Amino acid sequence: VSRLHPCPRVPTACGRPVPSLEQMLAANPGKTPISLLQEYGTRIGKTPGYDLLKAEGQAHQPNFTFRVTVGDISCTGQGPSKKAAKHKAAEVALKLLKGGDMLEPTAPEEPR
């Protein structure tokens, strides 16, 4: 049993409910999409993976394309640097996760 982690037997949020993506975004306004996606993926047990798909263009004007995969979703992003392309891919994934069916519904269902 590790002293560093107060509850090592419960890997997801120490038995507390995992915060929604909306809650994480609201609580961390200064964080980059890459770090937010990493934190969210870690909390749900699906760490994001990044793959360089393309590196093209001339040396003074490169263009990179990265794909990020989190669980069952994959999103791509392009940019003039590897960092910018990863940033864009993470941003697209966050938008998809925030508005997608994979998270809690954004609006409660009306009673019938």
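Since every read-out is calculated from the coordinates, none of them should be taken as a lab result. Since the structure is predicted, the reported quantities are computational estimates derived from the model, not experimental observations. Don't worry about glycine lacking a Cβ; one is built from the backbone with ideal geometry, like all the others, and counts go over all protein chains shown.
Between the beta carbons of Arg43 and Asp72, assuming R0 = 25 Å, the FRET efficiency works out to 0.90 to the nearest 0.05. Candidate cross-link partners of Lys31 among the lysines, defined by an alpha-carbon separation under 24 Å and a same-chain spacing of 8 or more, comprise Lys46, Lys82, Lys83, Lys86, Lys88, Lys95, Lys98.
Projecting the Cα positions of Thr69, Gln23, Gly79 onto the charge dipole of the stretch 13-99 (unit charges on Cβ atoms of Lys, Arg, Asp and Glu, taken about the Cα centre) puts Gln23 furthest along the positive direction.
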